[in-house]
Structure formats: structure tokens, C-alpha cells
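What follows is a set of notes on a single structure, which appears directly below.
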Amino acid sequence: MTKNLRVKSSEYIDETNRISFKFNGKTYHGFKGDTLASALLANDVHLVGRSFKYHRPRGIMTSGSEEPNAIVQVNPGTNRTEPNVRATEVEIYNGLEASSQNCWPSVEFDIGGINNFLSPFFPAGFYYKTFMWPASFWEKYEFFIRHSAGLGKSPTSNDPDIYDHRNIHCDVLVVGAGISGILAAKNAAKNNFKTLLVDEKNELGGSTIFENNEFNKIDNKTPSEWLKKEIEEIKGIKNLEIKTRTSVAAYHQYNYLLARENLTDHLETKDKTHKIRQRLLKIRAKKVILATGALERPLIFNNNDRPGIMLSSAIKKYSEFYGVACGSKNVFFTNNDTAYESAMSLYNKGINIEAIIDIRDQSESKIVKKVKEAGIKIYWSHTVVDTAGYKRLNSVSIMKLSNDGTSVTGSKISISCDCLGVAGGWTPAVHLYTQSGSKLKFDEEKKVFLPSQNKSEQISVGACDGDFKLDEIIKNLNQKLKDNLNIKETDLDTIKVEIDQENSKRNIWLLPSDKPLGKTKPFVDYQNDATAKDIKLALREGFRSIEHVKRYTTTGMGTDQGKLGNMHALGIIADTAGVKMGELGTTTFRPPYTPLTFGTIVGRNVGKFFDIFRRTPMNDWHVENKAEFENVGQWKRAWYYPINGETMHQAVQRESKAARESAGILDASTLGKIDIQGSDASEFLNRVYTNAWSKLAIGKCRYGLMLNEDGMVYDDGVTTRLGENHYIMTTTTGGAANVLGKLEDYLQTEWPELDVYLTSVTDHYATASLCGPNSKKILKKIIPDLDLSDENFPHMSFKEAKIGNIKCRIMRISFTGEHSYEINVQASYGKDLWEKCIEAGKEFNITPYGTETMHLLRAEKGFIIVGQDTDGTMTPIDLQMDWIVSKKKYDFIGKRSLYRSDTMREDRKQLVGLLTDDPNIVLEEGAQIVSELNQNPVKMLGHVTSSYFSPNLKKSIALAVVRGGKDMMGKKLFVPMENKNINVTVANPVFYDEKNERLNA
Amino acid sequence: MFLINCPYCGERDQQEFKAGGEAHIERPKQPTELSDDEWAEYLFMRKNIKGVQFERWNHAHGCRKWFNMVRDTSNDEIKAIYKMGEKPPSQ
């Protein structure tokens, strides 16, 4: 039976609410309010995991988000499982399951533990040094490395939870609800600043609410009592929003912060469903007050990582806040007075304190006197040189420190214990501060990096600004609030603070042992198993930059980002290399402060919201008629309509024949449509298209090619003149948004004098394109009173008409070479229009066709598709479209570039047709084209851009870009493929109906 | 993530905007009179300064207006924002 180490009832633990949970398959009990860590400790469980490299047994070290060792897999094997969760942050609930990570078969007996004994063979940079050669072996190494890498297991099924994002704008954001944060938030809100206070824990108050040093007083009350009253008070203040379980992950420029609000992780599984699990808060704050506190430092000594070795402040929190003793025989090891407070906390509850080992030679503070009076043995000027106990600490060995602190003397004393509290001083939590771009400065006296140059509207208050004593905190906070928020008086003006003065400190980054460093294991980064020895090795091997040492030794690269040990790593480097810490600097603190799940980052943007898509008004018809779809830009376009189990090839061949032989219909609604109005509309078109527009008659359509300023084809489409000062431009489906943007850019920045208005109307109209020799008859059935004669309604012209009561715009234009009409109606009538066409076309076997058939039909005619036959390096001349480039116009976008020496080269890639000698072989799009097969290296002439089997010509056709292709008509070339060389002949790209007779058929 | 003060809409999040490269490069009025080198200077040459840079920005997901911004590229501090056609603030 495990021991019960509950020592006192705590107001934060609800002992009436007993909670049952499982750890590594075994059932334990705790109480509502416990974290997984406190509940395990209450059951005397310290061993919770194995380290990354050596698989050393590890225990709970801290009581917060800085925990390096006690990281667990929560709810393993379920779809809610999450790896690398800190046991110190998991609030227990009935049914919670957790398991250790990085161990097999179990945390108690882990095969990988052998690495610990092989550690001399795993020096820093082991992977870099070992897996370098032979190079061909990498694939074999990789298998094993990947197998052993990583700590927890990712979930394998979909995350069932909902995540959310929320934007928050506030005047003042206070990060951290310790005493400084609470007082800052209170005063900000009371002075009419809209204030948000966030804290990662579930209770407000930080470390002050379990402060037990009886010699510290605020207004004659203990700080914890006093603060509890303040906490009650701020809960009612208007202007103040308080969010607990909310961890700021990132602090970006312009006071933009991301925080994760945890809403359901502490609830039982049945209460989690249909609720938002976590919410990512995107906060824009006018001012940010950082009150992130400080993290206690460990001490770096031999075997400082055994289960049972913990931070002294954590022991105090477990005792005071959770009512749990972390051991029955306790020893503290310290370089300052805080360990004495922890010792008194346990002593007052009747727990044994075996000894306190202090590397200082004395301290005169009241708390130390109190400890002496209690009869607790203090070893001044001593250090721990070794510890024993594989899965749980059972003793520590101590020796006297030399005066300079670099060696030990005298004889070794062994002290039996099951818990060692380590107190190495405090490191201000400046992570968020530096993320914001602000700069730190090293304080030689306090041995800490402190905020120095603020780059945003921000202040740091309390321990994160280096104020560790209550009187300093209150005094400095008061002044900073007044200066920063421009307040005349605060309620801090009258507070009376008494504190226990300590303050002799002694800092030794790496404590000596009786053994040489090579024989010891003083861990600096617990999670990644980096020792002081590794850091010194890196320096010996020539690494100097702190960033390089970090990567070489992996110090600070675990999921905890080295929150505990980074300062010691820096200290050891500085000492060894003989440089000042201030000059060395720190490694970069990167977001997130604590790990975020992907779910939180993506929020609602999952599944069908991952990437938005657009559907045409006819979409339902396409779905009902079993169309296959393809993505074009954000659009879902009907690709082809297979019937009776046709393959794509069979369907496209059928559709293509039908469109030329009788009638086809295409949903062309996705084409970009821009309404252009204004007295300078014609002039504007003259400037943006290569051809001339001024003489286009009202009611006529014209094809236009748009270039970039570099002369390369950018977009194309047909534009119709609806009135004197009114055009409607069509663009490619994918180019619509960019074309509008480009036109607006020119209008606003280069030609603001032009009277032109642009409106995107792509979504306003639905378009059905009727084509084929029977299209005229079908249109006649739908609109009997419209004169469809070639005289009244010739090719490249436009009519307004009505289908019943529905107004429509009809353009007689063709992308297939057939007689065809594009009928535009208001989008909401799109499906109606489509169904009318299908109904009217039945007797002509009207065949709906998709984008693939459209591509085939236009390729038969040699019409280009911008983006398929062009790639941003093709001029109109390269495309053999000289006819569309006006020689008369003085200027248009891209004109000058057509006369650059490079664009006038004869050997540019030019668009040609290709015919395979064997008409049944269809070339692969993208295939390379060569003229010589036996060259080495072979010269690439170009590549195939479009290729199809034409059912109307009964042979394979292709478009290609070929160097100097213009002058190669009839020339034999080769398309070398993996297994064969295909013989091809250069041909006219217009394969079908070269004289355009079918347009009027 | 910048907070950009659109001269037409006020402060908005950066994700509403699109950057449009260096500002104050005027399209030549008579391109045909330019040599290849002069045209190339307009077409291709852009500054990429570590420090104060004059840029074009577009409120693409807002009013769609273009405007100018003076930004220090070394620390992303936005020094000034002004409308198209207005004179840049003296450096």
C-alpha cells in the first residue's frame, strides 16, 4: 500500500470531493483541486518518467509550467490523447488516465536505461559525429533514430474537440496574476482602463497566496491573507476581465499577443463533449504589463536529477497549497534563504527535516534563526557532491566547500533522505519580454538578466523585473503604474510592508564534487540530458556562440525550452570561456512559452473550413448528374460527367465529339467578370490591353491580352462594350482577383486622372456557354423572339434579351471554335437557365461538358490557356500572337518590354503545335523536347504544355514551347521518355478548322 | 503582426493588408523613348534596405486603397503612413 502524504487540509483542495485516476494503469486517489503531480506526490509516487537520452528515472521537479521531467501522455490510446503534458499542470478529474513516456516496457523497468551506463559513448554531438559515414548508411541509421526519437505519441485519430479563436482589444493587458499582476490590474481597471488579466494557473495569487514566512507582513497581515482579500475585491471591478487557465504563448510586435485559454481540460470526459476545449485569444493591447514572476533555479551538482530531488519552492507549494509533503525525510540544499521557508513549512506540519546544506557561510535573517531554534541541523559552506538511489533518492553525500568554491575538502558526510529541496535563487521570467523584441541586460549583482530596453508600450513589474522582495515589489510597482498609466495616486501609497531581511547570496553555477567532472553527471538540461560536461566539451571543441553550444549539446531544446537550466548553461560557458555573462547574451526565447496543440492554432479552420471553396449556382445540377470536380483557384468546377462507368478519357472523348457534332453546354460562371464604367473606360482598356479598344462599337466583343510591365502574358479574356462608357471584362477563372488588383493599382497610383470605376461582378452572374452547330436552334427555343441571324447577331457581338422575365446578356463568342453563345443571368437564376438549356437541347442530345473537354476543344483550335501554355516567361510574340499587339498605340502595359534585347531574341521559346508520328501516342504534358538523341548533355529545346487525343481529328495533338520553334515548321523532333523516344513533328498549333468556318456553321 | 493605420479606415490588423514593394517609383510617361538600361532600371531595380524604407501597401481586405508607408525594416517600426500622391515626409 502506498503512503498517504497529506499533511493539512488546504482551502484549495476539496477533500470532500475524492477523485479517482489512473497512472501507468494503476488507480490512485486525489482530491478536486489537485494536479496530477500533487496527487501522485500525495501517494508517494515520485518516479514518473525517463529522460530522453539516457533513460534515467526522473521525478516531479517543479509545481508549474517550467517542469522538465514530469511530462506525461494524457489519456493514452484515446482520440483525446496528448503527449508531453506537464503533470504539474494537469488538473485531475474522475477517469483521467496518464502514462509515462520514453520508457519500455515500463517506467519501473526500462530497457533504454542501459544508455545510462553507456553514457561515455554518447557525448555532446553524438549524432553529428556518429552518423556521418558511410553516407549510404544514413537510411539505416534513420530507421533507428526515428524509432527512438520523440517523447510521447501523437494521436492517430481525429481530434474530437472544438477549438476557437477570439480577438480581444484592451487598453491594458496584465500577464500573470501574482501579487504584482493583481495590484497592477486593479489600479488600471479602477482608473478606467479596459483591462484584461490572464494567468496560466486555475487560481489567482501566484506564489504569494501560499507565502508562509511569518516575518513578512502587509498591513500587519500575512501577505497571503492580505492578497486573498485583494483577489476577492478585484473580482467585482468593472472594466476588468480575468482569465485563469490562460497561458500567453507569444508576444509579437505592436503589442499583439496570443494566449491559450483552457476551458475543458480539467473536466471529466463526459463534460468535455460539444464544448470548446481551448480558445486562442488574439490580443491587441494598448499597453502590456508583464508580471510573469520568476522561476526558481536548481543547483548543478553531481547526480542532481534523481526522483525525489525537487525545487525548494515547489516543495513549499505542495505543502502549503496542496497540503502534500513531498517526502518524509527531507534535506534542503540552498544558496539563499528561501529554502528555509520551505523547511519551516514542512517542520510546522510535523515533517522531518534532516538537514539544510547551505553553500554560504552564514545568514542572519529571522527565518534562519527560526530554523536554528527549531533544532534543524545546518551545514554552512557545504555542498552536495553526490546522491544515491536509482528510482528514488535515498541519501545525499556532502562535503565542505573551499573558500573559492571551486573544490571540496574534508571528509564526506552521508545523509539519509527521500526528498531533497534545491534552491538556487531566482530567474526572472523574461521570455515574453524578449519575444516582443525588447532587450535584456545582465545584472552582475543579482546574477540575472533583466528587462532593459522596452521596444513596445510595455512595463515589467515584480519578480520578472528583478524585484524579489515584497517591499521592493510594492514600491517599484506603485511608481511604474503611476508613470506608465499616468495615475496620480494609488491604494499602494498607504500600504505598510514589513519584510525579513536576508540577502547574503552566493552564486556558483557548477558546484564541485570530489570526483573529476568527467566522472560525474551534473545535469543542466534535465529533459535532454545535457550535463555540464557536455557544455564544456562543446567549448573545448571550439564552439563559442551560445546559440551553437545550445544546438550542439541540445541544452534548452526540449519541450520545456530549458526554463530551469539555461541560466546555468550560460554561467558555465561564461566561467569556462572567461567572458562576462552580459557579453555572452542569451539564446533566443521563441514562442510558444508553453507548447500549443495544433487544434488551438487552427481553431475553426479545419475540415471544410480549412480552405474555403466557391461553387457556381449550377453546382447542385452537376452533383446530381455525377460530375467529377476539379479545383480551379478556389472554385469547384465540373471536370467531366462520366456516364455508365466511363473513365475520364472515355467521358472526355464523348463530350468533345458531341460538342462539335451537335451541342454542348459548359458552366462558365467561374470566369472573372469586372464591370468597368467611366468616361475614360476606353482609354483605360487601351492602356491595359495590347490591342486597340477605342473603335470597338457598342454591342461588340473583343478578345484582349493583358501583359505585365515586363512584357509577359498575364491574363486574357473577352471584353464587351455595353455602352458608350460601360464595358464588362472577363478574366481567367484563377486570375480574376489578381487582375482586379492590378487594374486598381494602376488606376490609383499611375493614372489617378482617369475617370474609371471597377467593380468585381464575378459572383453576380451565372454563365452557361452553349456551343455546337445546334446551339443556335437551342437558343431560339429558349428565346424565340430574338433574331439570331448572322446579320443581326454576328460572331463577337452582344445582345440583351429576356428568358421569360429574366434579363440576360448574351455574348456570341467562342472558346471552342464552334458556333456558340455565352448566356449570363443574375446568379440566382443560374440553375434555372441551365436546366432550361438542357431541356431545350434534349432533342439535339445536348451534352454537358466539363473543363477537361473545354481544354481539349480549345487545344484543337490552338487557343492558349494562360497559366498552362504560358508560365510568366511568354510574350505575345512568343505565342505567335503578334496580330493582337497594336503597333499604333503609343503605350500599353508591357509594350516597352517587347522591344528589349532579350524579348526580341530569335531563339526564345515559342508556341508551336506538335504531332506525334504515331497518331495514337499521346505525349505527357511537361515532357521535354530535344532535336538530337545522342548529345551529352542533351540540349533541351522546350516542353509540351498541352496534350490530348482529339476525337474529332482522330489523332494525338499537342501544344509545346520550343526554342526558335517559329521557324521549325515541319521539323522532326524527339520527346525522350523513360522507356522510349517519341518521334514528333512541329506543326501549326491550329489543328482544327483553320479557316474558322464553323463559327458561323 | 503589424497594426497598420490605414489613412482611410484607421488602425487595422496586418492580415488585412498586402505589401506592394518600394514606393515612389513612377512609371515613365514615355517608355518608348527610354534605352533598354533606363527601362530596366524602372522595371527591375528595387532597394532592399536594412533600415528606413519607403513602401507601398494596399488595404486589400478593406477599402482596397493603396497608400505609402515608411518602415524601418530592421525593427519593423512604422514611422509614417501617407496617401498616394502625397509628398513623403522628410527623412
- Item | Residue count, the stretch A:755-785 (criterion: more than 13 Å from every other protein chain (Cβ to nearest Cβ) and either in a strand (DSSP E or B) or over 17 Å from A:Cys808 (Cβ atoms) (or both)) | 13
- Where residues in the stretch A:665-698 are in contact with a Leu (Cβ under 8 Å, 6 or more places away or on another chain) and assigned to a strand (DSSP E or B), which of them is surrounded by the fewest Cβ atoms within 10 Å (Cβ to Cβ)? A:Asp675
- Message: Which residue is farthest from the other protein chains (Cβ to nearest Cβ), if the candidates are limited to the stretch A:886-906 and must be of a type in the set (Gly, Ala, Ser) and touching a residue at least 24 places away in the same chain (Cβ under 8 Å)?
- Response: A:Ser886
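Quick check on the stretch A:152-169. Is at least one of its residues among the aliphatic types (A, V, I, L, M), within 30 Å of A:Lys475 (Cβ to Cβ) and not in a helix (DSSP H, G or I)? Can you show your working first?
Taking the stretch A:152-169 first, the residues among the aliphatic types (A, V, I, L, M) are A:162, A:168.
Then keep just the ones that are within 30 Å of A:Lys475 (Cβ to Cβ); that gives none.
Scanning the stretch A:152-169 turns up no residue that is among the aliphatic types (A, V, I, L, M), within 30 Å of A:Lys475 (Cβ to Cβ) and not in a helix (DSSP H, G or I).
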- Note on the structure: Out of (1) within 14 Å of another protein chain (Cβ to nearest Cβ); (2) touching a residue at least 24 places away in the same chain (Cβ under 8 Å), the one A:Gln748 does not meet is (2)
- Message: Could you go through the stretch A:437-455 and let me know if any residue there is in contact (Cβ under 8 Å) with a residue 24 or more places away in the chain, within 14 Å of chain B (Cβ to nearest Cβ), not in a strand (DSSP E or B) and not aromatic (Phe, Trp, Tyr).
- Response: yes
- Task: Please determine, by comparing only the residues of the stretch A:503-537 that are within 17 Å of A:Thr383 (Cβ to Cβ), touching a residue at least 40 places away in the same chain (Cβ under 8 Å) and outside any loop (DSSP other than H, G, I, E, B), which one is nearest to the chain's Cα centre (by Cα).
- Result: A:Val524
- Note on the structure: Within the stretch A:789-824, residues among the aliphatic types (A, V, I, L, M) and surrounded by fewer than 19 Cβ atoms within 10 Å (Cβ to Cβ) come out as A:Met796, A:Ala801, A:Ile806
- Message: Taking the criterion of being surrounded by fewer than 18 Cβ atoms within 10 Å (Cβ to Cβ), of a type in the set (D, E, K, R) and part of a loop (DSSP other than H, G, I, E, B), would at least one residue in the stretch A:731-751 satisfy it?
- Response: no
- Item | Output for the stretch A:520-576, where each listed residue is polar (S, T, N, Q) and either at pLDDT 90 or above or under 28 Å from A:Glu445 (Cβ atoms) (or both) | A:Thr520, A:Thr531, A:Ser545, A:Thr555, A:Gln561, A:Asn566, A:Thr576
- Tell me which residues, restricted to the stretch A:399-426, are crowded, with 24+ Cβ neighbours inside 10 Å, under 46 Å from the mean Cα position of the chain (by Cα) and part of a strand (DSSP E or B). A:Cys419, A:Leu420, A:Gly421, A:Val422, A:Ala423
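Taking the conditions exactly as written (farther than 16 Å from A:Glu750 by Cα, in contact with a Cys (Cβ under 6 Å, 6 or more places away or on another chain) and at pLDDT 95 or above), does B:Gly62 satisfy them or not? Before you say what the answer is, go through the steps one by one.
On the way: farther than 16 Å from A:Glu750 by Cα: yes; in contact with a Cys (Cβ under 6 Å, 6 or more places away or on another chain): yes; at pLDDT 95 or above: yes.
Here the answer is yes, as B:Gly62 does meet what is asked.
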- Task: Please work out which one of (1) surrounded by fewer than 22 Cβ atoms within 10 Å (Cβ to Cβ); (2) touching a Pro at 6+ places or on another chain (Cβ under 7 Å) is the condition A:Tyr433 fails and give its number.
- Result: (1)
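Looking only at strands (runs of 3 or more DSSP E) that fall completely inside the stretch A:175-291, which ones have 3 or more residues that are among the basic types (Lys, Arg) and not assigned by TED's automatic domain parsing to the domain that holds A:Glu341? Break it down stepwise before answering.
Numbers: elements: A:195-198, A:240-243, A:246-252, A:256-262, A:276-290.
Correct list: A:276-290.
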- Can you work out which of the residues in the stretch A:306-353 that are part of a strand (DSSP E or B) and in contact with an Asp or Glu (Cβ under 9 Å, 6 or more places away or on another chain) is surrounded by the fewest Cβ atoms within 10 Å (Cβ to Cβ)? A:Lys329
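Let's see how each residue does on (1) over 37 Å from the mean Cα position of the chain (by Cα); (2) farther than 28 Å from A:Thr720 by Cα; (3) at pLDDT below 95:
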| residue | (1), (2), (3) |
| --- | --- |
| A:Phe610 | no, yes, yes |
| A:Lys657 | yes, yes, no |
| A:Ser669 | no, no, no |
| A:Gln677 | yes, no, no |
| A:Ser682 | yes, no, no |
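Within the stretch A:186-202, take every residue that is more than 20 Å from A:Asn262 (Cα to Cα) and in contact with a Ser or Thr (Cβ under 6 Å, 6 or more places away or on another chain) and give me the one that is surrounded by the fewest Cβ atoms within 10 Å (Cβ to Cβ). Can you show your working first?
Filtering the stretch A:186-202 down to residues more than 20 Å from A:Asn262 (Cα to Cα) leaves A:186-194.
If we keep only those that are in contact with a Ser or Thr (Cβ under 6 Å, 6 or more places away or on another chain) as well, we get A:187-189.
On the way: A:Asn187: 25, A:Ala188: 28, A:Ala189: 23.
Top of the filtered list is A:Ala189.
Restricting attention to the stretch A:976-989, report how many residues are touching a residue at least 60 places away in the same chain (Cβ under 8 Å) and either surrounded by fewer than 17 Cβ atoms within 10 Å (Cβ to Cβ) or more than 30 Å from A:Asp790 (Cα to Cα) (or both). Show your work before the answer.
First, pick out the residues of the stretch A:976-989 that are touching a residue at least 60 places away in the same chain (Cβ under 8 Å): A:982-989.
Cutting the leftovers down to either surrounded by fewer than 17 Cβ atoms within 10 Å (Cβ to Cβ) or more than 30 Å from A:Asp790 (Cα to Cα) (or both) gives us A:982-988.
The total comes to 7.
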- Task: Would you be able to say whether some residue in the stretch A:665-677 is hydroxyl-bearing (Ser, Thr, Tyr) and in contact with a Lys or Arg (Cβ under 7 Å, 6 or more places away or on another chain)?
- Result: yes
- Quick check, is A:Leu263 modelled with pLDDT of 95 or more, under 36 Å from the mean Cα position of the chain (by Cα) and within 14 Å of another protein chain (Cβ to nearest Cβ)? no
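From A:Ser828, A:Ser789, A:Ser814, grab the single residue that is modelled with pLDDT of 95 or more, under 16 Å from A:Ser669 (Cα atoms) and part of a loop (DSSP other than H, G, I, E, B).
Numbers: A:Ser828 fails: part of a loop (DSSP other than H, G, I, E, B); A:Ser789 fails: under 16 Å from A:Ser669 (Cα atoms).
The conditions single out A:Ser814.
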- Note on the structure: Restricting attention to the stretch A:228-260, the residues that are in contact with a Leu (Cβ under 9 Å, 6 or more places away or on another chain) and acidic (Asp, Glu) number exactly 2
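Determine, yes or no, whether A:Thr586 is among the hydroxyl-bearing types (Ser, Thr, Tyr), touching a residue at least 60 places away in the same chain (Cβ under 8 Å), farther than 30 Å from A:Ala768 by Cα and assigned to a loop (DSSP other than H, G, I, E, B).
Working: among the hydroxyl-bearing types (Ser, Thr, Tyr): yes; touching a residue at least 60 places away in the same chain (Cβ under 8 Å): yes; farther than 30 Å from A:Ala768 by Cα: yes; assigned to a loop (DSSP other than H, G, I, E, B): yes.
In short, yes.
The values are calculated or read from the model by the stated rules, or taken from the named source; none is laboratory data. All of these numbers come straight from a predicted model, not from anything done at the bench. Cβ: placed from backbone, ideal geometry, glycine included. Neighbour counts: every protein chain shown.
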